1. Out of (1) more than 9 Å from chain B (Cβ to nearest Cβ); (2) free of Cβ contacts under 8 Å to residues at least 24 places away in the same chain, what's the single condition that is false for residue A:120?
2. Restricting attention to the stretch B:171-228, and to residues there that are open to solvent by 30 Å² or more (accessible area, probe 1.4 Å) and at positive phi, which single residue is nearest to the other protein chains (Cβ to nearest Cβ)?
3. Which count do you get for residues in the stretch A:171-210 that are within 14 Å of another protein chain (Cβ to nearest Cβ) and within 23 Å of residue A:133 (Cβ to Cβ)?
4. Taking the condition of being within 15 Å of residue A:157 (Cβ to Cβ) and open to solvent by less than 30 Å² (accessible area, probe 1.4 Å), how many residues in the stretch A:112-136 meet it?
5. Scan the stretch B:372-381 and give yes if some residue there is at pLDDT 95 or above and more than 19 Å from the chain's Cα centre (by Cα), otherwise no.
6. Here is a check on your reading of the model: is residue A:143 open to solvent by 10 Å² or more (accessible area, probe 1.4 Å), of a type outside the set (A, V, I, L, M, F, W, C) and within 10 Å of chain B (Cβ to nearest Cβ)?
7. Return the residue satisfying two criteria in turn: it lies in the stretch B:288-305 and is within 18 Å of residue B:419 (Cβ to Cβ) and either more than 13 Å from chain A (Cβ to nearest Cβ) or over 19 Å from the mean Cα position of the chain (by Cα) (or both), and of such residues it is least open to solvent (accessible area, probe 1.4 Å).
Amino acid sequence: MSAATKSAPKPAPKSASKKTATPAPAPKPTAAANGIHPGSLLSITQLSLDEVSSILALADKLANEPLSKHAELLDNRKIALLFYESSTRTRTSFELAAKSLGAMTTLVSDKSSSIEKGESLKDTGLTLRALGAECIILRHNASGSPYLLAQQTGLPVLNAGDGMHEHPSQALLDLRTILSRLGKKQAVDEKTLDGVTICITGDILHSRVARSNALLLPRLGAKVILCGPSQLLPPEAVQLSTGITLERDFDAALKQSQVVMMLRIQKERLAGLQIDLADYQRQFQLNDERYAAYAPNALVMHPGPMIRGLEITADIADGPQSAIEEQVSNGLAIRMALLARALTGGAA
Amino acid sequence: MKTILIKGGHLIDPPSRTDRPRDLLIRDNRIVELGDPGKLSAAAKKEGAEVIDASGLIVAPGLVDIHVHLREPGQGHKETIESGTKAAAMGGFTALCCMPNTSPVNDSPEVTRWMLSPERKAHIRVFPVAAATRGSMGDTITEYGSLKAAGAVGFSDDGKPVLQDAVMHQALIAAARAGVPMIQHAENTKITVGASMNAGARAFRLGLRGMSIEAESGIVERDIRLVRELTTGGKGPRPHLHVQHVSTAKAMEAIRQAKRAGLHVTCEVAPHHFMLTDEAVEGYNTHAKMNPPLRSEEDRAAMVTALLDGTADCIATDHAPHAVHEKEQEFEKAPNGITGIETSLSLSIKMLHHQHRMPLLRLMHLMSTAPAHIMGLRGRGTLAPEAFADVVLFDPKSTWTFDARKSPSKSRNTPFDGQTLPGVVKMTISEGRVVYKS
C-alpha cells in the first residue's frame, strides 16, 4: 500500500507555544497527511501492484459468481454519486455496481441541486455525509477535487474522473480488458506486460483516461506510446512515468503496437486551441486502411464517448478486434470491486 | 519625552556597515545616538530612560515589506490594516507598503487617505501603493501627483499588470515625474488564462493548466525595453521600474542585464519563491497556490543566487491573506496567495543565513535598508541618528514553531504552518513605541 493510502491519521496537533524545543514535522501536502480514507481511490498511483491484483481478483470473483451470492454484500449501505459533469457509462456503471451489491444509491448532479445555488464542494460533501452517505463517487470538472472532498469528509471517495487529471477506475477496467484479451493472468507484477506496446492516441492533454493508463501500464512492464499532434500532446507528457515515448506519426506508432486506445477530442476543454479537424482525421483517425496496413491484429479500445467518423470509424469500432463493449462490461466488475474495497476493505 | 536605551545587543546597521556590540539611545520617535557598550548608560540614566536589555540579541533597523495586501477597504474578513500590521509587528516589521487591489481599488486620494487615517489603528507605518491605472483596468493612468500628495509611495496595478505598451510607457514617465517607482507584477495575463500553477511536467500530470516562464519574462523584457527607450531618450526624469516577486531565472537574468546596462530597474523576491518549488502543489495543496506560481528547482536556486549576488534588491512577502473557506476549494477555484509577514525573517535566516552563509548585515540590507530605499521611505531602514526609531530585536540562534492560528493576522493560509524555524523576534519598536514583545 502506498503512503497515500496507508492510514487516515488526524493532522498532528500543533504546538501552542511560540518557542519550543521539539521541532514539529514539516507539513507535507500529501493525501496521508490530510486524513484521507484508505478505501478512497483518488489516483491510480496510490495503488501498489499487489492492490491492483487484489482489485482485479475481486472484480473477477464478483463478475463470475451469481448475483445472489453477493447481492447483500453492501446491504443497505448508502452510496452517493456526486456528478458535476454529465456521464453515461461511468455513472450508470457505478450505480449498477452499487445496486448489484445491495447498496442504496443517490445521485446528486450539479443541475437540480444546491450546487446550482453556489454551495461549495466541501459543504455538499458534508451534507451528503450528514445524510448518511458512507462513500461518495465524484465526477468533477476540476482536477484534484476528489482530494478536497476526501480530506473534508473523511469518507472513502472514488474518483470517477476529475478535470484533466485522472480516471483511475477506467485504467483498472482497461487493464482487466487488456489482460483478458491478451490471455494474461490477473495477478499482476512488474513483468506482466513485458513485450506489450500500447498506443494511446488523440487528445492526451485533456484526457484523464490517458493519464491514469500512462501512469499504470508501464509499471506492469508495458511500453506506452503516446501519439497525437503537439497541441494535444505537449512534450512534457513523456515525463508522466518511465516507459513512455511520444510519437507524432500514428502509422509508425501503430506498427509497434499490440493494443491501440483511441481518445475523443474534448472540444469542451480546448480553451482557445484551434484544431483542424479534417487534418486531424487524416493524420490520427483509426480506420480500416490504416488498421489493415499497420496493425492488423491490434486490440482496439476506446473509453467513450466515441465520435464515430472522427477519431475512429464505425467499422473499426464495431469490428472483431474492438474491445470497446467489453471495456464497458469490465467497468461494472471493477467498480463492484472498488465499492467493496471502499466499504468493506475488500472482504468480499 | 520618552527615552529608551537598548543595551547589550549586537547592532547591525547596513548603511553604516555597523556589525558589532553597540548600545542605542532612542528619544521619542527618533534614534538619538549609538555608542560602545555601556557608554550611553549615564546619559540615559539622567533622562530616566527605559532600559531594554538586548543581551544575546541582534538589534537592527525595523524590517520593511514593500509588498503586502492588507485587504482594506473591502475585504476585512481576510485582513484589516489593524490585524495585518499587528501580525507584521510580530514578524519584526515596522513599515509596510500595501497594494491597491482593494475594493474599491486605491486609485484616488480619498482611498489613500482613508488607508492612512488613524481610525485604521495601524500598529506600524503603512505606505500605500496606488493603482497605476483607473480601477486597475489598464487603460487610463491615475493622477500620480495628487495620489503622491495623499501619501502614495509608488504605482502598481499588481495582479492586473499593465499590458498595453503605450500605457506602461505613460506610467513610467508619470511615476518618474512623481519621483516614485512604477511597480509591475510581471505576467502576460493573456497567456495565463485558466492557469493555476507552474507549467511543466508536474502541471501536466496533475491535469492543471500551467503558467509558462515566458508569461513572466516576456513582460519583464518588455518593461525593460520601455525603460531603456525612456532612459536613453534622455528628456524626462529617469524612470524607475520595480519588478515584483520575480519567480523565474529567465526574468531574473533580464533584470541582471538591465542593471549591467545601467538602467534603474529593481526587483524583489518572495520567501516562498526561494524556499519552495512546485512540488508543494502535490495533493492539490491550495496553500501552495500563488501567483507567480512556485516554480522549478532551477528557478528557486536562481532566486537564491540573485539574492546572494545582488541582482535581487530586496525580500518582500506578497502577504496575501485569504479566509479559510476561500482556500478550501477546488485548486483551480481557490484564490492565489499565502500569508508571509509572520515568517519572512525566519525563512530568510534559514535559507540565506544558515544554508548560504549570507551575513546578517547583508540580510538586514535586503529586508530593511534596500526596500526602504527603493520606495523612498526616508529615515527608515537605518539606525543612523535622526532616523525614525524603527528597531527590531531578534535572536537568530533560537527557534520557534509557527502556529498560524496564533497569528494576529485574520488569515492562516500558509504552507509553513507548524514548521520550526530559526530566528525569534523578541521586540519590535515602531517610531519609538514598543509594538511587539514576545
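1. (1)
2. Within the stretch B:171-228, the match that is nearest to the other protein chains (Cβ to nearest Cβ) is B:194.
3. Here the count works out to 0.
4. So the count comes out to 7.
5. No, the stretch B:372-381 contains no residue that is at pLDDT 95 or above and more than 19 Å from the chain's Cα centre (by Cα).
6. Judged against the criteria, residue A:143 is not a match.
7. So, considering only residues that are within 18 Å of residue B:419 (Cβ to Cβ) and either more than 13 Å from chain A (Cβ to nearest Cβ) or over 19 Å from the mean Cα position of the chain (by Cα) (or both), the one least open to solvent (accessible area, probe 1.4 Å) is B:290.
Conditions (1) assigned to a strand (DSSP E or B); (2) closer than 30 Å to residue A:278 by Cβ; (3) in contact (Cβ under 8 Å) with a residue 24 or more places away in the chain; (4) open to solvent by 10 Å² or more (accessible area, probe 1.4 Å), marked per residue:
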| site | (1), (2), (3), (4) |
| --- | --- |
| A:138 | yes, no, yes, no |
| A:149 | no, no, yes, no |
| A:155 | no, no, yes, yes |
| A:175 | no, no, yes, no |
| A:190 | no, no, yes, yes |
| A:194 | no, no, yes, yes |
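The values are calculated or read from the model by the stated rules, or taken from the named source; none is laboratory data. Fair warning: this is a prediction, and the values are worked out from it, not measured in the lab. Positions of Cβ are backbone-derived with ideal geometry, glycine not excepted, and every protein chain shown enters the neighbour counts. Surface areas here come from the heavy atoms of the whole protein model, side chains and all, with no ligands, DNA or RNA. Shrake-Rupley method; radii C 1.70, N 1.55, O 1.52, S 1.80 Å.
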